[in-house]
1. From S245, S202, grab the single residue that is within 24 Å of Q276 (Cα to Cα) and in contact (Cβ under 8 Å) with a residue 12 or more places away in the chain.
2. Output the residues belonging to the range 166-181 that are under 24 Å from S132 (Cβ atoms) and either assigned to a helix (DSSP H, G or I) or among the β-branched types (V, I, T) (or both).
3. Kindly indicate the residue of the range 159-173 that is polar (S, T, N, Q) and under 25 Å from the mean Cα position of the chain (by Cα) and also farthest from V117 (Cα to Cα) among those meeting that condition.
4. Looking at (1) out of contact with any helix residue (DSSP H, G or I) (no Cβ under 6 Å at 6 or more places or on another chain); (2) among the hydrophobic types (A, V, I, L, M, F, W, C); (3) surrounded by 14 or more Cβ atoms within 10 Å (Cβ to Cβ), can you tell me which one V224 breaks?
5. Taking the conditions exactly as written (surrounded by 12 or more Cβ atoms within 10 Å (Cβ to Cβ), of a type outside the set (G, A, S) and not in a helix (DSSP H, G or I)), does L139 satisfy them or not?
6. I'd like to check something: does the range 48-64 contain any residue that is of a type in the set (K, R) and within 29 Å of V252 (Cα to Cα)?
7. Taking the range 147-178, which residues are touching a Ser or Thr at 6+ places or on another chain (Cβ under 7 Å) and of a type outside the set (F, W, Y)?
8. Can you tell me which condition S114 does not meet? The list is (1) among the hydroxyl-bearing types (S, T, Y); (2) surrounded by fewer than 21 Cβ atoms within 10 Å (Cβ to Cβ); (3) not in a loop (DSSP other than H, G, I, E, B), and all the others hold.
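The values are calculated or read from the model by the stated rules, or taken from the named source; none is laboratory data. Everything numeric here is computed off the predicted structure, so don't read it as measured data. Positions of Cβ are backbone-derived with ideal geometry, glycine not excepted, and every protein chain shown enters the neighbour counts.
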Amino acid sequence: MEPAKSPNNSIIAAPKSGDVVNPLLELRRIHKTFGTNTVLNGVDVTLHSGEAIAIIGPSGTGKSTILRLICGLLAPDQGEVYINGNSVTNEEIQEANYGLSIGMVFQNAALFDSLTVAENIGFSLFEHSRLSRRDIYRLVEQKLAMVGLENICDRYPSQLSGGMRKRVSFARAIMDDPTAKTKTKKVLLYDEPTAGLDPVASTIIEDLMRSLREQQVCDSYIVVTHQDSTIRRTSDRLIVLYRGSVRYAGNVSTIDDVDNPYVRQFFSGSTDGPIQLLSKEV
């Protein structure tokens, strides 16, 4: 049976049985243009509680733009973002309204070079909470232990390997204020978390992504990636994006059997097919 299609002709995978009535997070008919460049053209993305989704496609197709829309760094030109069935604004996303907190792990880790590891991880708490410096450092040490790093609070990013910087950025993404009055579910957004890493370091990061969900540090996550192992080892569902539109959505476990030209070309690396080289990632 072919995947269902939305009113704008984007392909959407049917929810699994047992999913809640309202998705945890949903993008509906999203359009985004930068100047004369249309990056997203009526995209639908649905994330259910407990899911892990991989968004793939060649550079320049709007994958990172989707993540920035979800976490409130960008606003759509058209379309809406929903959290737990409620249409939300950028400000409400950033304030973790409607029972959802969103953490972002950027492709290059995006650490402040002039700050120590502890200051990077605890940055939001130092700036916005009433916690003491001692309490924040205690929380930082807890998060570092979760990502397999200890005794590096006083180091600077330049003193860390690429894999360690990635894990520090994970620790920052899962840092929340324990004094917050309302507890929220956590969604993590990973932008190319294994890019530029050797196979061993990539495996460590992939294992960490799965571990954080298994430990319920986060409820769900979305990962943008080009890495075959990252797709297969960390994700339940796959979305293929090309030229601003969803070309396929389905379960990762079935991708080797799917007769979809975009899926087939992406995983084979062939230059023959509907995917043509684009010049710029957005």
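1. S245
2. V168, A171, R172, A173, I174, T179, listed by residue number.
3. Across the range 159-173, the extreme among qualifying residues is S161.
4. Failing condition for V224: (1).
5. In short, no.
6. yes
7. Those that are touching a Ser or Thr at 6+ places or on another chain (Cβ under 7 Å) and of a type outside the set (F, W, Y): C153, D154, R155, M175, D176, D177.
8. For S114, the failing item is (3).
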